[in-house]
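Novice: First, the structure itself, so that you have it in front of you.
Nothing in this text is a laboratory measurement; each read-out follows from the coordinates by a stated rule. Bear in mind the structure is a predicted one, so any value in this text is a computation, not a measurement. So basically every Cβ, Gly included, is an ideal-geometry build from the backbone, and we count neighbours across all protein chains shown.
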Amino acid sequence: MTASCDRPGLMAIEDAKANILALVQRVSETETIPLEQSLDRMLAQDVCSNINVPGFNNSAMDGYAFRHQDLVELETLTLVGKSFAGRSYEKPLLPGECVRIMTGAAMPDGADTVMMQENAIVDGDNISFIKVPDIGNDVRLAGESIKKDSLVGATGKRLNAADIGLLSTLGCAQVTVYRRLKVAIFSTGDELMRAGDTYQTHKIYDGNRPSIIALLTKLNCEVVDFGIVPDDKDTIRNIMQQADQSADCVITSGGVSVGEADFIKDILAEIGKIDFWKIAIKPGKPLAFGRLPNSIFFGLPGNPVSAFVTFNQIATDALKTMSGETLSLPHTFDAVATEMLRKQPGRVDYQRGRCFVNEQGQLCVASTGPQGSGIFSSFANSNCYIVLERERGRVQAGETVKVQLYDHTLT
């Protein structure tokens, strides 16, 4: 059985991902929406700042603003006014003068330095300092954070909370983004029950569809859920055609293996095109990718861990690309295995692990337990994949392995 699963001829995961990305196309439709509604949306055009940030020289501290050159000749400066955030001192600063200034307040004309109030000696309107600061001390210069006309958001950027905060500081009220991707999904199998159904012997609850919908929600896709479809070829064909008409991508779970009731692959070949089937990945070898008349298609394996891992490792980048997002490399590091890890050569293995730093400061990783394709509890308490190379065999404790930290879709 092991030899059969890992036999030569399976497509390498790198080739599968490259082939998929070469075939999928980004959505072209865009919309302009309020900035506060843009979390996890993809920018459809570059955003450049139309102002300097800060827009004027201002104080980084509560203290006193003055001309630095005056301290070369004078030990004491004369206090002539105050500058508050939003209410600045309007007169030019003359030689020997200083103003009380608050954090964020505009620097008076002529002033180039600020001394924090803790280092000031105050005697009525006479101000002296414990030490002489460097010129420009505690002054935030206009444009030092963001210069006018500089790029602050590139096309393809997925907007996060910090991006929204940044764009708000520029007075940006709206952004142009790509429309949300529509993804249709259904599970196949006479053995499946919905959560909440009365338990029936010899049947199982469908965990694949809810977990994949959750991942699609994290990707900010619009989900069209066709539920559970029985193992009937005509019914599956009808649902697949409806799904193709309603979405940019169709995802199924189950029915892509070689059993008598596994119809997905045959139906895909009948009404669309199979680009490849079976990947050198564990868990998840029987993954089908193809194209329907109006959408792309992913046929995920029926085993829950296999479906979850193949979606995360293969389908996610395709959906991000279709959504208009610029892809980034996964966060991968070397870590020391704390225990023996079982592995047969032949497929890249994505085992679930817990990455941590030990008392010696080493990055280590431990398995979360049994790694069978039906043991979804292996994801419990995990924070990374242990990525074991295709031709690698069993790993002994103390060996170095690659770990891929979970991205935002899994945390």
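Novice: Place a +1 charge on the Cβ of each Lys and Arg in the range 122-177 and a -1 charge on the Cβ of each Asp and Glu, then give the dipole magnitude about the Cα centre in debye, rounded to the nearest 20.
Specialist: 460
Novice: Separate question: What residues have an amide H closer than 5 Å to that of ARG392, excluding those fewer than 5 places away on the same chain, when H is modeled at 1.01 Å from N in the peptide plane?
Specialist: GLY346
Novice: Also, I was wondering about something else. Give me the aspartates and glutamates in straight-line cross-link reach of LYS131: C-alpha distance below 12 Å, same-chain residues under 8 apart excluded.
Specialist: GLU75, GLU118
Novice: Once you keep just the Cα pairs under 8 angstrom separated by 6 or more residues, what percentage relative contact order results for the range 58-140?
Specialist: 40
Novice: Hey, which lysines would be in cross-link range of LYS91, C-alpha to C-alpha under 24 Å, not counting anything within fewer than 8 residues on its own chain?
Specialist: LYS82
Novice: For the chain, what does the relative contact order come out to in percent, with C-alpha contacts under 8 Å and a separation of six or more?
Specialist: The value is 16 percent.
Novice: Follow-up question, since we're still on this one. For the range 101-128 and the range 170-200, write down the distance between their C-alpha centroids in whole Å.
Specialist: A separation of 57 Å, based on Cα centres.
Novice: Sequence neighbours fewer than 8 away in the same chain don't count; with that in mind, list the aspartates and glutamates whose C-alpha is under 17 Å from LYS343.
Specialist: ASP6, GLU389, GLU391, GLU399
Novice: Quick one: dipole size for the chain, taken about the Cα centre, charges +1 on Lys/Arg Cβ and -1 on Asp/Glu Cβ, in debye to the nearest 20.
Specialist: Here the size comes out at about 1220 debye.
Novice: Calculate the length of the line joining the C-alpha centroid of the range 206-222 to that of the range 58-75, in whole Å.
Specialist: That distance is 59 Å.
Novice: Using helices alone, I'd like the mean residue ellipticity at 222 nm for the chain: each DSSP H run of four-plus residues gives -39500 (n - 2.57), total over residue count, nearest 500.
Specialist: So the calculated ellipticity at 222 nm is -5000 deg cm²/dmol.
Novice: Highest GNM mean-square fluctuation, the chain, Cα pairs closer than 10 Å: which of VAL114, VAL152, VAL27?
Specialist: VAL114
Novice: Give me the angle, in degrees from 0 to 90, between the Cα long axis of helix 13-23 and the longest principal axis of the Cα atoms of the chain, rounded to the nearest 10.
Specialist: Tilt relative to the chain: about 80 degrees.
Novice: Apply 1/(1 + (r/R0)^6) to the Cβ-Cβ distance of THR32 and SER246, taking R0 = 35 Å, and write down the FRET efficiency to the nearest 0.05.
Specialist: Once the sixth-power term is evaluated, E becomes 0.90.
Novice: Select from GLY299, LEU167, PRO34 the residue farthest towards the positive end of the dipole of the chain; place +1 on Cβ of Lys and Arg, -1 on Cβ of Asp and Glu, and compute about the Cα centre.
Specialist: Most positive-ward Cα: GLY299.
Novice: Where the only charges are on Cβ atoms (+1 Lys, Arg; -1 Asp, Glu), what is the dipole of the range 1-116 about its Cα centre, to the nearest 20 debye?
Specialist: 160
Novice: Using amide H atoms built 1.01 Å from N in the peptide plane, name the residues 5+ places from THR30, or on other chains, whose amide H lies under 5 Å from its own.
Specialist: ARG179
Novice: Oh, and also: Which of THR316, THR217, THR188 moves the most in a Gaussian network model of the chain with Cα springs under 10 Å?
Specialist: THR217
Novice: Using a Gaussian network model on the chain with a 10 Å cutoff between Cα atoms, which of TYR205, TYR178, TYR89 fluctuates the most?
Specialist: Result for the chain, Cα springs under 10 Å: TYR89 fluctuates most.
Novice: Could you tell me the relative contact order of the range 1-127? Use alpha-carbon pairs under 8 Å, at least six residues apart, and round to a whole percent.
Specialist: Averaging sequence separation for qualifying contacts and normalising by length gives 25 percent for the range 1-127.
Novice: In this model, which of LYS182/LYS273; LYS147/LYS182; LYS218/LYS265; LYS148/LYS182; LYS218/LYS278; LYS17/LYS203 are farther than 31 Å apart at the alpha-carbon?
Specialist: Beyond 31 Å between Cα atoms: LYS147/LYS182; LYS148/LYS182; LYS17/LYS203.
Novice: So, one more: For the chain, build the charge dipole from Cβ charges (+1 Lys, Arg; -1 Asp, Glu) around the Cα centre, then report which of THR252, GLN117, CYS48 sits farthest towards its positive end.
Specialist: Working it through, the farthest residue towards the positive pole turns out to be THR252.
Novice: Please give the Cα centre distance for the range 265-297 versus the range 373-411, rounded to the nearest Å.
Specialist: The distance from the Cα centre of the range 265-297 to that of the range 373-411 comes to 25 Å.
Novice: Next question. Nearest 10 degrees is fine. How inclined is helix 208-218 to the longest principal axis of the chain, computing both from alpha carbons?
Specialist: Once rounded, the angle reads 20 degrees.
Novice: For LEU363, LEU170, what's the fewest-to-most ordering of other Cβ within 10 Å of each Cβ?
Specialist: LEU363, LEU170
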